[in-house]
Each structure stands twice: as C-alpha cells, then as structure tokens.
Amino acid sequence: MSDSNVPVFELGDPLSTLGNNTLTGVFVPGNKIALSAYRHVKHNSRDEPTETAGEAPVLIYMSQESTLFDEPVLRSVLAEANATFGTLQLLGLDASREKYLNISRAYRSIVRACLEKLHLAKISPEVQTDEPRLQRFTDAIIVFYASECLWHLFEILYLQNNQMVVRQLLEWVRFHSPQTEDRATDLVLMEEEASETDDYWNTLRSLILLGQVDFVRAMLSQTRKAGQPPYKAADLILKSMPVYQEGYALQKFHSQWEYWHVDTQRKIKANVFATEPELEQILLLVAGDNKEWDAWIMKSQDWYEYLPGYLLFTKPTCKPYELRIAASNWLDRWALLCPDKELNNMNRMVTQLMGHDIKLFIFEAQKLNDTHWFSTHLIDLMYHSGQLKSYFDQHNIDLPALRHSVIYEYGSYLMGSHNLWHLGIDYLDCCKQEGKATIELLLPRIPIRSERQATKLISLARQRGLVCVEEEICKVLAKRSYDNERYSNALEWAIRSKDVRLVTAVADHILKHCSETGKVLCADTLDYIGGRMFASPRLVFLTKYHEFYQFYHNRDFLVACELLVNLLESKITPNYFWPSLIMDALPLLESRDPKIFAKETVTILHHIETALVPIIEQDRDKHGNDHSAALFKDYRAENIADIMTFMRLACARNLARALIFENTMK
C-alpha cells in the first residue's frame with residue numbers, strides 16, 4: 001500500500017510529437033479518456049492546413065485505468081458483497097446491534113474467502129509464468145488483506161460495544177500475524193524435540209509478545225526440562241494469570257491482577273529463573289519490563305504489532321476510550337525506537353481508528369486501490385448502524401450525503417463495466433432521482449451480447465419505469481436482427497420499440513421482397529400480430545395484405561376480393577406496391593365465374609386510372625422512360641405498360657360477366 005504507486009502509460013503516436021503538436025484528452029462515459037493528437041491554436045495563428053493534413057491519420061486512443069476486479073476470481077467478492085448490501089438495505093435504520101454485527105462479519109467473511117482464493121490462484125502455474133498477472137494478484141492480496149484488517153478493527157472498536165478491548169485486540173493481531181502461530185503449531189507437533197530447534201525460544205518470545213499465553217504453556221510443558229523448578233514456577237505464573245470476564249467486579253479483578261503482577265516481579269528479582277536465562281527473558285516480558293519490550297519493539301514491522309500483547313501484561317482492563325492514549329504513547333515509543341521506519345497508509349489508518357479520528361480514516365480509506373469497495377460498504381454500515389452518529393454531528397459531517405456520494409460513485413463505476421453492470425443498478429437504486437437518471441443514461445450503453453441479456457435489460461428498465469430505455473434497446477435489437485436478415489425478430493423488436501419509422505422500414509423491406517419474389521417473409525409473425533399491427537400504417541397494410549394472401553391460397557376468393565378492394569381504397573398502399581396489388585387482382589378478374597362484382601370492378605378500374613397512372617407519369621417525367629420499369633417492378637411482369645394493358649382488358653371482361661351475372665341471377 002504505497003502512496004507513490006501512480007499508473008503510467010505510453011502512446012506511440014508519431015503525429016502527437018510532430019512539430020508543435022501535443023496530446024489532448026476528453027473524458028468519455030465508462031471511466032475512459034479519449035486521447036488524440038492536437039495542435040493548440042492561438043488568436044494570432046495562421047488559418048491554414050498543417051503540413052500533415054490529408055496524409056497522416058489521426059488516431060484516437062481509448063485509455064481506461066485497469067482495476068483489481070479485471071480478474072474473474074475477484075468478481076465473486078462484488079457479487080457476494082452486493083447481496084450483503086441488499087440485505088443491509090432491507091434491515092433499515094432500526095435493527096438491533098447484533099444484526100448489524102452479523103452484516104459486518106458477513107462482509108469480512110467475503111474478504112477472507114477471497115484472500116484464500118487469491119493465494120491458491122497465485123501459486124498456480126499459469127499465474128506464476130505471467131509476470132503482469134502475478135503482480136495483479138500480489139496487489140490484490142495486499143489490498144484485501146488491509147481491508148479485512150481495518151474492517152475487523154473497526155468492528156471491535158465501534159460495533160461490538162465492548163467494555164474492555166484487550167482480548168478482542170489479541171484476536172485481531174493473532175489473525176493478522178499468523179506466521180508465529182503456524183510455526184508454534186509445528187513445534188508443538190515435534191514434542192520434546194522442539195526445544196532443540198534454533199528458533200524455539202524466539203518463537204516462544206514472539207508468542208508472548210502477541211499475548212498467546214496458552215501456546216507458550218503448551219510448548220513449555222513438552223520440553224525435557226519441564227519438571228525442573230524454574231519451568232514449574234513459570235508455568236504456575238502463566239496459569240495463575242488473572243483473565244477478566246464480562247460481569248466480573250472490576251475492583252476485585254484489579255486487586256487479583258496487581259497481586260499476581262507483584263508476585264511475578266518478586267520471583268524474577270529473587271533469581272528463581274536465573275539458571276534459565278531464555279526462560280527469564282520470557283518472564284520479563286510477562287512482567288512488562290520496559291527494557292525487554294523495547295528490544296523487541298525495534299524488531300517489529302508495524303507499530304501496532306505488539307501493542308495488544310503489551311496491554312495484556314500491563315493494562316488488561318483497557319477500555320475503548322483509554323485505547324486512544326495507550327496507542328498514542330505506544331506509537332511515540334515505536335517512532336523513537338525505530339526512527340528509520342515510516343508509517344504506510346495502513347499503519348496511519350490503524351492509528352486513526354484507535355485515535356477515534358474517523359473523518360481522516362474515511363479520507364484515507366478512499367485511497368485504497370479497490371475502486372472504493374471498502375469505503376462504500378463501510379460508510380453504508382456506519383450510516384445504518386448509527387453507532388457514530390454523535391461523532392458526525394459533532395464534526396458537522398453530513399453522513400447521509402457522504403453515503404449517497406460514495407454509493408453513487410461506486411454504482412456508476414460498476415455500471416460502466418461490461419461485466420459488472422448488473423451489480424451497479426442495486427447501488428444506484430439507493431440514490432433516488434440521481435441514481436435513476438444515471439441508470440437511464442448508462443443502461444442503453446451496455447453492449448448487448450444476446451437476446452437473453454437484452455430481455456434482462458428491458459425487464460430492469462421496465463421495473464424502474466424507464467420507457468425510453470426499453471424502446472432504445474428494442475431499436476438496437478431490431479436493427480441488429482435486420483442486418484443479420486432475421487426479419488421476424490427485426491419486426492418483433494421494431495414493434496416493441498414503438499418507433500413508427502423503424503417499423504415502417506422493416507415492413508417496407510418485407511413488401512418489396514414480396515413484390516420481387518412473390519413470397520411473404522416472416523409469415524408466422526404476421527399470423528399472430530393482432531392489434532400490434534397499428535404500430536405503423538405500413539404494418540397495417542402488410543398485415544392485411546398477408547391476410548388477403550392467405551385467403552387467396554386457401555381459395556376463399558370472396559373474402560380475398562373484399563380485402564383486396566379494401567386495400568385499394570385504404571389510401572395506405574405504398575407507391576412501389578401498386579403494380580403487385582393490381583396484378584393480384586388480375587386472376588380474380590379473369591375468372592369465368594365472377595369473383596369480383598361490377599361495383600368492385602369499377603372501383604379497381606378507378607384506382608388504376610386515378611392512383612397508378614399519375615404515379616407512373618410522375619415517375620416518367622422525373623426519371624425518363626428507362627426508370628419506369630425499374631421503379632415499378634413485379635415478378636409477374638417485366639414492364640409496367642404490360643400491366644396496364646392486361647388490367648384494363650381484364651376489368652372490361654369481368655365487368656361484362658359481372659353485369660350479366662348480377663342481372664340474371666337472384
């Protein structure tokens with residue numbers, strides 16, 4: 001966790017280094033920067049093309065900061081934390097302390113499980129051979145180790161409501177300094193042979209420094225000298241050491257502990273352990289001898305490493321408000337003994353927690369390279385638990401506004417990611433109108449990989465009343481299906497988009513294909529389109545024409561004729577489809593048994609002369625004779641003039657038959 005780790009990138013763009021050119025950048029949605037070559041123009045610059053104009057291409061580079069969550073193994077942290085975050089929102093502000101404590105432990109268990117996965121992944125062969133990926137895993141372990149360590153300390157000091165904190169701090173240090181305990185476990189398994197190893201006494205001293213008294217007794221009991229008086233006396237001292245229990249009379253405990261402490265010092269001064277100098281050093285640490293402790297403080301890596309152990313042997317009933325003074329004194333002592341060591345970011349944050357400087361702690365927490373995962377969830381827990389309300393009120397900090405800000409930023413980051421957008425919505429939902437507006441802005445920009453994902457996006461938009469987003473997604477899918485020649489899908493999505501122009505464009509393509517080939521595309525969709533056909537007048541025409549087509553092929557000619565005449569009179573027939581519609585009437589007009597009666601025949605003839613002929617003449621005036629056939633083309637006739645001749649003759653013959661039939665038959 002170094003403060004000097006600043007990401008650096010390099011561009012190999014020759015245009016940006018040519019002449020007076022430089023580089024410019026513009027922020028674009030998705031936490032990206034668009035970089036390109038640029039030449040600054042002043043008020044006295046000459047207005048003329050540059051020397052590379054039209055020759056060198058202008059390249060645009062999309063720069064985006066890489067994050068820890070680019071690794072798939074880390075995405076489980078986000079998903080599980082998202083579920084816990086949702087549970088906390090359901091609890092609200094009036095839940096019991098125990099429930100908030102369970103939420104805090106759930107967050108910590110997520111991080112611990114993640115650390116285990118990271119350690120296993122880091123030692124895998126594919127990661128070991130990939131240097132950049134190995135570094136990412138190392139950085140992730142450092143960040144999440146710090147997150148869990150700091151969260152655990154916050155939980156002890158501000159959520160558990162402990163009267164005494166020494167025992168809890170010992171557990172905290174024990175988890176975050178596991179190397180000593182792991183080595184001690186190995187030595188215990190070696191039994192009597194353990195005392196012959198080189199690091200036996202160093203391990204015992206380290207255990208005492210960490211306050212692990214039971215481990216020390218177990219190791220001393222296995223040595224070959226365990227039956228000698230110094231070892232028996234040492235075991236008796238460690239065994240009789242008073243341990244405070246909740247509810248025990250504090251004054252009585254102080255009396256017992258003071259008696260035990262004085263008795264231990266008396267035995268050391270009486271040279272009870274003089275024959276065993278290594279054992280005597282351990283008892284000096286137990287008695288709180290400053291000289292002995294100073295020697296080990298100089299060897300510690302972090303200033304707080306041995307603080308809980310020291311409190312156990314010198315002030316075992318330390319209260320949370322007393323910890324501030326004890327930690328400050330210990331830090332001064334560590335700084336005096338270790339002047340060459342500097343506090344890193346995590347050490348400072350531990351100092352701030354123990355010193356009750358939450359404001360500065362939150363500021364430092366946002367510097368962790370975890371895209372604000374830690375600060376967002378911890379501030380949200382502070383807000384719901386209400387444990388620090390008095391602190392924020394005293395320091396004039398608007399905690400609800402701070403929570404809103406960090407959740408909004410974190411949710412926006414997730415929404416800008418192609419793989420994490422579905423998690424970001426839950427966070428933005430907590431931001432009321434601002435969050436809803438952001439969802440409306442970012443949801444349509446999510447790359448749609450499948451129709452299943454699109455359905456999920458539409459469902460999310462519909463749940464939030466974002467009609468515009470739903471329609472925009474449908475437009476994208478309609479155009480994509482159209483480009484892939486999936487016209488049934490294109491028509492369905494176009495109708496759902498409620499875009500009249502888009503629906504008309506798809507229907508036009510189907511009608512033109514029908515006029516050129518005689519086949520109706522996506523007939524199954526048109527069969528069940530129902531009332532949705534009113535999305536566009538062109539779709540109404542297409543649907544009704546398809547019905548005519550079906551009746552005609554089923555030889556239900558009377559109904560087909562009625563539909564055909566209605567289409568001619570509807571005034572929604574597209575100009576390019578008139579020849580096809582007129583040609584569809586030709587077989588019905590040529591039938592020996594009249595299918596179209598006299599009145600309808602006159603209507604057809606009327607539309608030929610008043611609708612089709614003016615369109616043909618207008619097109620001929622505009623494009624000439626050569627374009628007439630190309631514009632009005634049907635697969636059943638090569639020239640529009642032939643269609644006109646056939647139709648006039650057919651109308652005349654059918655009109656004669658129909659008049660005879662209508663006037664002779666009842």
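Things worth noting here:
- Restricting attention to region 236-248, the residues being touching a helix residue (DSSP H, G or I) at 6+ places or on another chain (Cβ under 6 Å) and assigned to a helix (DSSP H, G or I) number 2.
- In region 494-531, the residues that are among the β-branched types (Val, Ile, Thr) and either crowded, with 20+ Cβ neighbours inside 10 Å or free of Cβ contacts under 8 Å to residues at least 60 places away in the same chain (or both): Ile495, Val500, Val503, Thr504, Val506, Ile510, Val520, Thr525, Ile529
- Of the residues screened, Leu120 is one that is among the aliphatic types (A, V, I, L, M) and either open to solvent by 80 Å² or more (accessible area, probe 1.4 Å) or touching a Pro at 6+ places or on another chain (Cβ under 9 Å) (or both).
- All helices (runs of 4 or more DSSP H) inside region 343-418 with 1 or more residues being free of Cβ contacts under 8 Å to residues at least 12 places away in the same chain and farther than 24 Å from Leu74 by Cβ: 358-365, 389-394, 399-415
- Residue tally, condition touching an Asp or Glu at 6+ places or on another chain (Cβ under 7 Å) and either among the β-branched types (Val, Ile, Thr) or open to solvent by less than 10 Å² (accessible area, probe 1.4 Å) (or both), over region 328-387: 3
- At least 2 residues being over 36 Å from the mean Cα position of the chain (by Cα) is the threshold, and among the helices (runs of 4 or more DSSP H) wholly inside region 473-540 those reaching it are 500-517, 523-527.
- Scoring Thr264 on the criteria (1) open to solvent by less than 10 Å² (accessible area, probe 1.4 Å); (2) of a type outside the set (A, V, I, L, M, F, W, C); (3) under 53 Å from the mean Cα position of the chain (by Cα) leaves a single failure, condition (3).
- Of all residues in region 442-457, those satisfying the criterion of being more than 21 Å from Ala79 (Cα to Cα) and free of Cβ contacts under 8 Å to residues at least 40 places away in the same chain are Pro444, Ser450, Glu451.
- The residues of region 234-257 that are touching a Lys or Arg at 6+ places or on another chain (Cβ under 9 Å) and open to solvent by 20 Å² or more (accessible area, probe 1.4 Å), listed by number, are Asp235, Lys239, Val243, Tyr244.
- Screening the candidates Trp334, Trp303 for the property of being assigned to a loop (DSSP other than H, G, I, E, B), among the aromatic types (Phe, Trp, Tyr) and in contact with a helix residue (DSSP H, G or I) (Cβ under 8 Å, 6 or more places away or on another chain) yields one hit, Trp303.
- Contacts under 6 angstrom Cβ, first residue in region 143-156 being under 18 Å from Asp380 (Cβ atoms) and open to solvent by less than 10 Å² (accessible area, probe 1.4 Å), partner part of a helix (DSSP H, G or I) and among the hydroxyl-bearing types (Ser, Thr, Tyr), 6 or more apart: Glu155/Ser104
- The listed residue being crowded, with 19+ Cβ neighbours inside 10 Å, modelled with pLDDT of 70 or more, in contact with a Lys or Arg (Cβ under 7 Å, 6 or more places away or on another chain) and part of a helix (DSSP H, G or I), out of Leu581, Leu588, Leu558: Leu588
- Selection count where residues are on the phi < 0 side of the Ramachandran plot, loosely packed, with under 15 Cβ neighbours inside 10 Å and in a helix (DSSP H, G or I), scope region 191-216: 5
- All positions within region 217-227 that are without any contact (Cβ under 8 Å) to a residue 12 or more places away in the chain and open to solvent by 40 Å² or more (accessible area, probe 1.4 Å): Gly227
- Region 80-112: number of residues that are part of a helix (DSSP H, G or I), among the hydroxyl-bearing types (Ser, Thr, Tyr) and over 13 Å from Leu378 (Cβ atoms): 2
- Residue within region 168-189 that is closer than 20 Å to Leu283 by Cα, basic (Lys, Arg) and in contact (Cβ under 8 Å) with a residue 24 or more places away in the chain present: no
- Residue selected from region 419-465 under the condition of a type in the set (S, T, N, Q) and part of a loop (DSSP other than H, G, I, E, B), by the criterion most open to solvent (accessible area, probe 1.4 Å): Asn419
The values are calculated or read from the model by the stated rules, or taken from the named source; none is laboratory data. Everything numeric in this text was worked out from a predicted model, so none of it was measured. Note that each Cβ is placed from the backbone with ideal geometry, even for glycine, and that neighbours are counted across all protein chains shown. Remember, those area values only see protein heavy atoms, side chains included, never the ligands or the DNA or RNA. Shrake-Rupley method; radii C 1.70, N 1.55, O 1.52, S 1.80 Å.
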